[in-house]
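What follows is a set of notes on a single structure, which appears directly below.
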Amino acid sequence: MSILLSTAYLAPIQYYSKLISDTPVLIEQHENYIKQSYRNRCTILSANGPMPLSIPIESAGGKKCPIRDVRIAEHGNWRHLHWNALISAYNSTPFFEYYEDDFRPFYEKKYKFLFDFNEEIRLKVCELLTLDISNIYYTDDYISEIQNTDTDLRETLSPKKDFKIFDTGFISIPYYQVFDTRYGFTENLSIADLLFNMGNESLLVLEKSTKKIS
């Protein structure tokens with residue numbers, strides 16, 4: 001029995017709720033890259049509402065590209081834009097200053113590969129959450145045959161799919177958001193939103209977000 005996930009850029013709360021499960025988690029490292037997914041995008045909450053942030057990648061010329069071979073494109077000054085967007089969105093949150101120095105280096109260092117970038121951020125976030133990662137592994141080969149006891153979220157955990165339909169094991173738990181008086185509570189944003197707003201209480205929110213399926 002295991003949970004299968006793709007790699008993801010500052011993944012949503014739904015994703016991190018799986019990482020605290022007692023069930024072993026496998027992060028797929030042998031799949032082909034899928035466009036318009038959390039693999040290279042996240043959503044934060046800005047003063048103007050939800051804001052998607054996408055990491056540009058080098059074109060594979062229409063060919064399938066293994067996720068570990070996907071290179072980050074250097075055009076568009078995306079690191080500067082993403083970091084400034086995070087500052088603008090979360091500078092007034094209770095915990096931005098506390099975590100700022102943990103996140104800034106990821107937007108100063110140039111990473112060649114998307115997978116490496118994503119996974120280093122994930123490890124840092126797990127550290128900040130004081131999350132036990134002893135049950136999180138990488139796949140040895142591409143898993144094409146899923147057992148009935150496995151939960152495969154590699155494609156269903158997606159910005160294009162409603163988690164309320166495709167993931168009955170996740171409950172969206174409201175928490176303080178700096179712009180909630182303007183927009184109300186916005187569900188399932190990037191883990192960055194939870195950390196900057198809730199700090200050391202973030203893990204409690206994640207624990208409440210996990211529903212045991214009988």
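Bear in mind that the values in this text are calculations on the coordinates, not laboratory data. The model shown is predicted, which means the values in this text are computed figures rather than measured ones. No Cβ is skipped: glycine too gets one built from the backbone with ideal geometry, and neighbour counts run over all protein chains shown.
Brief remarks follow.
- Counted as qualifying within segment 126-214 are the helices (runs of 4 or more DSSP H) with 3 or more residues that are over 17 Å from PHE95 (Cβ atoms), namely 163-166, 180-183.
- Lone unmet requirement of (1) more than 30 Å from ILE143 (Cα to Cα); (2) surrounded by fewer than 13 Cβ atoms within 10 Å (Cβ to Cβ) for LYS64: (1)
- Test result for PHE103, in contact with a Phe, Trp or Tyr (Cβ under 6 Å, 6 or more places away or on another chain) and in a helix (DSSP H, G or I): no
- Looking only at residues in segment 41-60 that are in contact with a strand residue (DSSP E or B) (Cβ under 6 Å, 6 or more places away or on another chain) and among the polar types (S, T, N, Q), the one that is nearest to GLU201 (Cα to Cα) is THR43.
- ASN188 vs. criteria under 21 Å from ILE55 (Cα atoms) and touching a helix residue (DSSP H, G or I) at 6+ places or on another chain (Cβ under 9 Å): yes
- Close Cβ contacts (under 9 Å, 6 or more residues apart or on different chains) running from residues in segment 1-19 that are within 14 Å of ILE67 (Cβ to Cβ) to residues that are part of a strand (DSSP E or B) and hydroxyl-bearing (Ser, Thr, Tyr) comprise LEU4/THR151; TYR9/SER54; TYR9/SER190.
- Among the residues of segment 8-25, the ones that are assigned to a loop (DSSP other than H, G, I, E, B), under 17 Å from GLU127 (Cβ atoms) and β-branched (Val, Ile, Thr) come to 1 in all.
- Evaluated against (1) in contact with a Phe, Trp or Tyr (Cβ under 6 Å, 6 or more places away or on another chain); (2) more than 22 Å from SER190 (Cβ to Cβ), SER59 falls short on exactly one condition, (1).
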